[in-house]
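Q: Sharing a structure below in structure tokens format, with a few things to ask.
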Amino acid sequence: MPKFYDKVDVLKKPGWLKIRLHRTPEWGEVRQIVEKHNLHTICSSGRCPNQAECWSRRTATFMILGDICTRGCRFCATKTGRPLAPDAEEPRQVAESVALMKLRYVVVTSVTRDDLPDGGAAHWAATVEAIRTQNPDAVIELLIPDLDARPDLLEVIVASKPDIIGHNIETVERLTPVVRSRAKYRTSLETLRCLNRQGVVTKSGLMVGLGESDDEVLQTLHDLRDAGVRIVTLGQYLRPTLEHYPVAAYITPEKFEWYRLRALEMGFSYCASAPLVRSSYMAEEALRSVKSL
């Protein structure tokens, strides 16, 4: 992959991108458990800026199906290549980790596994069922790949009865071919539409700062709402390395608030929109807002 050097990334990041830690006793307890038992969370490995805040709320995100993705999106630092076979013990291990961490809200995500005939759908379902068995009171949110929008595969995951299923649109339609690998904007919309038809509470997210216009962001929000999505997140794209897609702009907090208000006007039940917002940020509050309607 070629290196892209752009002026924005060599400039000092604005003050609103500085991380403010929320180190509560709950955060410390979760952190100790993670380190003592060598538990894997995307919160740690992905260096999420909201780790302390989420762990303080007893929320964490796990990544299943390995750490090698079959796609190579230009915004993502996940390794690309030929993945190993799924670990049959992983669903049980994730469930045990949730119990050890005493999580109230668990988010599960994964790499994309185009190499598997079912895209990993059965493994997803087994993970949800294992978590539910050991942690009956935990809320379970999934952030799944597009699975090529195949209804038969999506039905396998839906049948395991997670509380919410998300799939990120990531960026506007014009930028999708140059930012995402193999993924198609319309396929992502169809995945979300299919989940909505099956009665699932759906969620999606997109990054800004990749060179999109306001009109394109608003169109993407309209498209997501039309697909039945009820919860949406918007956050600033931050370039993982110089080999990844360049940052075009750092979006101000005021513009993020403007996006949030426009999303609510469109009928979304909840919108988290701020520079450091990521997919699972304030996930518990988002689901509560949906259930209160």
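Q: Which of the numbered conditions does Ile157 fail, given that it passes all the others? Conditions: (1) out of contact with any Phe, Trp or Tyr (no Cβ under 7 Å at 6 or more places or on another chain); (2) touching a residue at least 24 places away in the same chain (Cβ under 8 Å); (3) outside any loop (DSSP other than H, G, I, E, B).
A: Exception for Ile157: condition (1).
Q: Restricting the first residue to segment 233-247 and requiring it to be touching a residue at least 12 places away in the same chain (Cβ under 8 Å) and over 28 Å from His222 (Cβ atoms), which pairs with a second residue that is small (Gly, Ala, Ser) and in a loop (DSSP other than H, G, I, E, B) meet a Cβ separation below 7 Å and a spacing of at least six or different chains?
A: That search, which allows pairs on different chains as well, returns Pro240/Ala77; Thr241/Ala77.
Q: Picking from Val229, Val208, which residue would you name as being touching a Lys or Arg at 6+ places or on another chain (Cβ under 9 Å), over 21 Å from Ile157 (Cβ atoms) and either crowded, with 22+ Cβ neighbours inside 10 Å or of a type in the set (A, V, I, L, M) (or both)?
A: Values: Val229 fails: over 21 Å from Ile157 (Cβ atoms).
Just a single option satisfies the conditions, and that option is Val208.
Q: Consider segment 211-226. How many of its residues are surrounded by fewer than 16 Cβ atoms within 10 Å (Cβ to Cβ), polar (S, T, N, Q) and either closer than 16 Å to Ser188 by Cβ or within 18 Å of the chain's Cα centre (by Cα) (or both)?
A: Counting residues in segment 211-226 that are surrounded by fewer than 16 Cβ atoms within 10 Å (Cβ to Cβ), polar (S, T, N, Q) and either closer than 16 Å to Ser188 by Cβ or within 18 Å of the chain's Cα centre (by Cα) (or both) gives 1.
Q: Any residue at all in segment 258-265 that's hydrophobic (A, V, I, L, M, F, W, C) and assigned to a loop (DSSP other than H, G, I, E, B)?
A: Residues of segment 258-265 hydrophobic (A, V, I, L, M, F, W, C): 258, 261, 263-264.
From what's left, assigned to a loop (DSSP other than H, G, I, E, B): none.
Among the residues of segment 258-265, not one is hydrophobic (A, V, I, L, M, F, W, C) and assigned to a loop (DSSP other than H, G, I, E, B), which makes the answer no.
Q: Just name the residue that is farthest from the chain's Cα centre (by Cα) out of those in segment 188-198 that are surrounded by fewer than 21 Cβ atoms within 10 Å (Cβ to Cβ) and closer than 18 Å to Gly267 by Cβ. Break it down stepwise before answering.
A: First pass over segment 188-198, keeping only residues surrounded by fewer than 21 Cβ atoms within 10 Å (Cβ to Cβ): 190, 193, 196-198.
Among the residues that remain, those that are also closer than 18 Å to Gly267 by Cβ are: 193, 196-197.
Values: Arg193: 17, Asn196: 18, Arg197: 21 Å.
In this case the residue turns out to be Arg197.
Q: What do you reckon, is Leu116 touching a Ser or Thr at 6+ places or on another chain (Cβ under 7 Å) and not basic (Lys, Arg)?
A: Working: touching a Ser or Thr at 6+ places or on another chain (Cβ under 7 Å): no; not basic (Lys, Arg): yes.
No; evaluated as a whole, the condition is false for this residue.
Q: Take segment 166-187 and flag every residue that is crowded, with 19+ Cβ neighbours inside 10 Å, closer than 21 Å to Trp124 by Cα and among the polar types (S, T, N, Q).
A: Asn168
Q: Here is a list of conditions, (1) part of a loop (DSSP other than H, G, I, E, B); (2) crowded, with 18+ Cβ neighbours inside 10 Å, and Val98 meets all of them except one; can you say which number that is?
A: Result: Val98 passes all but (1).
Q: Looking only at segment 251-273, which residues are surrounded by fewer than 19 Cβ atoms within 10 Å (Cβ to Cβ) and either in contact with a Phe, Trp or Tyr (Cβ under 9 Å, 6 or more places away or on another chain) or charged (D, E, K, R) (or both)?
A: Thr252, Pro253, Glu254, Lys255, Glu257, Arg262, Leu264, Glu265
Q: Let me confirm something: among Gly66, Gly72, which residue is on the phi > 0 side of the Ramachandran plot and either at pLDDT 75 or above or in a strand (DSSP E or B) (or both)?
A: On the way: Gly72 fails: on the phi > 0 side of the Ramachandran plot.
Exactly one residue qualifies, and that residue is Gly66.
Q: Going by the structure shown, is Glu243 in a helix (DSSP H, G or I) and surrounded by fewer than 21 Cβ atoms within 10 Å (Cβ to Cβ)?
A: Values: in a helix (DSSP H, G or I): no; surrounded by fewer than 21 Cβ atoms within 10 Å (Cβ to Cβ): yes.
No, not satisfied.
Q: I need a count of the residues in segment 201-238 that are assigned to a loop (DSSP other than H, G, I, E, B) and either touching a helix residue (DSSP H, G or I) at 6+ places or on another chain (Cβ under 6 Å) or hydrophobic (A, V, I, L, M, F, W, C) (or both). Steps first, please.
A: Filtering segment 201-238 down to residues assigned to a loop (DSSP other than H, G, I, E, B) leaves 201, 209-213, 227-230, 237-238.
Keeping just the survivors that are either touching a helix residue (DSSP H, G or I) at 6+ places or on another chain (Cβ under 6 Å) or hydrophobic (A, V, I, L, M, F, W, C) (or both) gives 201, 210, 227-230, 238.
Going through segment 201-238 one residue at a time, the tally reaches 7.
Q: In addition: Out of all the residues in segment 160-187, which are under 16 Å from the mean Cα position of the chain (by Cα) and under 18 Å from Val107 (Cβ atoms)?
A: Pro162, Asp163, Ile164, Ile165, Gly166, His167, Asn168, Ile169, Glu170
Q: When you scan segment 190-201, do you find a residue that is of a type outside the set (Ser, Thr, Tyr), at pLDDT 95 or above and farther than 20 Å from Val156 by Cβ, even just one?
A: No, there is no match, as no residue in segment 190-201 is of a type outside the set (Ser, Thr, Tyr), at pLDDT 95 or above and farther than 20 Å from Val156 by Cβ.
Q: Taking the condition of being touching a strand residue (DSSP E or B) at 6+ places or on another chain (Cβ under 8 Å) and in contact (Cβ under 8 Å) with a residue 40 or more places away in the chain, how many residues in segment 92-112 meet it?
A: 13
The values are calculated or read from the model by the stated rules, or taken from the named source; none is laboratory data. Keep in mind that this is a model prediction, so the values were computed, not measured. Positions of Cβ are generated from backbone atoms using ideal geometry, with glycine treated the same way; all protein chains shown enter the neighbour counts.
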